[in-house]
Amino acid sequence: MFDSLTDRLGDVFDRLRRHGALSEGDVAAAMREIRVALLEADVALPVVRDFIAAVREKAQGQEVLRSVTPAQMVVKIVHDHLVTVLGGDAAGAGDGLDLNAPAPVGILLVGLQGSGKTTTAAKIANRLKQRERKKVLLASLDVQRPAAQEQLAVLARQIGVACLPPVAGEQPVTIARRALETARREGYDVVIYDTAGRLHINEELMLEVAAVSAATQPHQTLLVADAMTGQDAVNLAKAFGERAALTGIVLTRVDGDARGGAALSMRHITGKPIVMIGTGERIGALEPFHPERIAGRILGMGDVVSLVEKAAETVDRDEADKLAAKMAKGNFDLDDLAGQLRQIRRMGGMGGMLSLLPGVGKLKKQLGEANIDETIVKRQEAIIASMTKAERRNPKLLNGSRRRRIAAGSGTSVPEINRLLKQYQDMADMMKKMKKLGPKGMARHGLAGLLPNAFRH
């Protein structure tokens, strides 16, 4: 998300930094470029106007122009105002879902058909179960779309959460009341109502949402909107905001939207915070929307906090402890490498990890020219999976015929296997050096000298 905007703003700020001292003309030219960048990123025109006016007023002050680092001051002003536009001034911004209400807490999901409501319902339920240890009941109120109720039931089984069983001929309001009664009777902490959508906003949809809301009195009413629809998502949010008692917005498919204009516009247009964002198809690919962190990502400052949180969530503790024990002995085999590859994939691949590191925007662009393929990790896992246990423990067994067999079994090529084995050998050599140095030696020499040559450029 925001890749195109990040690139454009990065170019603008690079030019400002080269000037040293700034004139009002320099700032005015930068504002014009930022305005174009925002419009190209699909940010709504009223939002762009207000944004540029507010930033220009602060950036053209004498305090900025005469400061020691005027370009950095302009970057800070843009950053601070981005945080405000994204909802950083809102109470509880970045806290995710508000569950501060008597149980069962009702969460009503509304939106158009195809926006990802059903998957989002399951993602929220999974998050509440795993992180908050909540007992969650899912309820599908969608009697319009064939198999919609079964789809939610399948997702519920996958994550180990209860789903209200359907009753033939039952209408949405009746289903919602039954879900609420069941949640109260059986001691559920949260009940999530997945409503039906339409292909467009119409009176029937709005009346149904209003009727369900009146019957259940949900604590949260969240609009689920597809970020890929750009300005249409903003118009949708405005329409629902005027007709339904929205408390927040969940943006889906943000990983597929390089522009990000919907995220920048929605808070300003509706006055409602973006509380969560869907960052992929996996059931765990849902995260709270932190305005400060998102602003940092847009300006190429990275988001190390999110990277650390993602690592803490995805790293298998037992696997990590076993690897640490083997590293202490200088042992490292291909099963261990496969474990490392799994961790990278769980964290969103190399692209996902790089996007959260400060100052990596330009590096990503350069790496892009070399056409880094995110499927490489999966292919490497397939190569290791095609080996025997003995081969994974002792790669020296891998002669030419064995490599050809593995290539055929994994759908890869012998050169790919050779590259994987070179990568493994570099890591194994590093582990041996770590063992020889010991903890004190590592601290004295630093980790830089331990890095394999393949990573030192």
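The values are calculated or read from the model by the stated rules, or taken from the named source; none is laboratory data. Note that the coordinates shown come from a computational prediction; the quantities given were computed from them, not determined experimentally. In this analysis, Cβ positions are derived from the backbone assuming ideal geometry, glycine residues included, and neighbour counts consider all displayed protein chains.
Data overview
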read-out	value
Close pairs (6 angstrom Cβ cut-off, 6 or more residues apart or separate chains): charged (D, E, K, R) in segment 102-131, not in a loop (DSSP other than H, G, I, E, B) anywhere	Lys117/Leu109; Lys117/Asp194; Lys117/Val224; Lys123/Leu286; Arg127/Leu286; Lys129/Val136
Of the criteria (1) assigned to a helix (DSSP H, G or I); (2) aliphatic (A, V, I, L, M); (3) over 18 Å from Ile274 (Cα atoms), which one Met228 fails	(3)
Any chance Arg157 is more than 25 Å from the chain's Cα centre (by Cα) and among the charged types (D, E, K, R)	no
Evaluation of Val83 against (1) closer than 27 Å to Leu236 by Cα; (2) outside any helix (DSSP H, G or I) (one fails), failing number	(2)
Residue within segment 145-158 that is in contact with a Leu (Cβ under 8 Å, 6 or more places away or on another chain), surrounded by fewer than 19 Cβ atoms within 10 Å (Cβ to Cβ) and either among the hydroxyl-bearing types (Ser, Thr, Tyr) or within 25 Å of Lys238 (Cα to Cα) (or both) present	no
Single match in Ala93, Ala122 (criterion: within 22 Å of the chain's Cα centre (by Cα) and at pLDDT 75 or above)	Ala122
Candidates Ala139, Ala176, Ala122, Ala153, filtered to the one that is touching a Phe, Trp or Tyr at 6+ places or on another chain (Cβ under 6 Å) and in a helix (DSSP H, G or I)	Ala176
2 or more residues farther than 19 Å from Gln340 by Cα, modelled with pLDDT of 60 or more and not charged (D, E, K, R): qualifying helices (runs of 4 or more DSSP H) within segment 372-457	400-410, 414-445
Residue satisfying all of: in segment 231-263; part of a loop (DSSP other than H, G, I, E, B) and in contact with a helix residue (DSSP H, G or I) (Cβ under 9 Å, 6 or more places away or on another chain); modelled with the highest pLDDT among these	Leu246
Test: Leu264 is of a type in the set (A, V, I, L, M, F, W, C) and under 29 Å from Ala156 (Cβ atoms)	no
When residues of segment 103-119 are limited to those that are among the polar types (S, T, N, Q) and at pLDDT 90 or above, the one surrounded by the most Cβ atoms within 10 Å (Cβ to Cβ)	Thr118
Condition met for Asp98 (outside the structural domain of Ala211 (by TED's automatic domain parsing) and charged (D, E, K, R))	yes
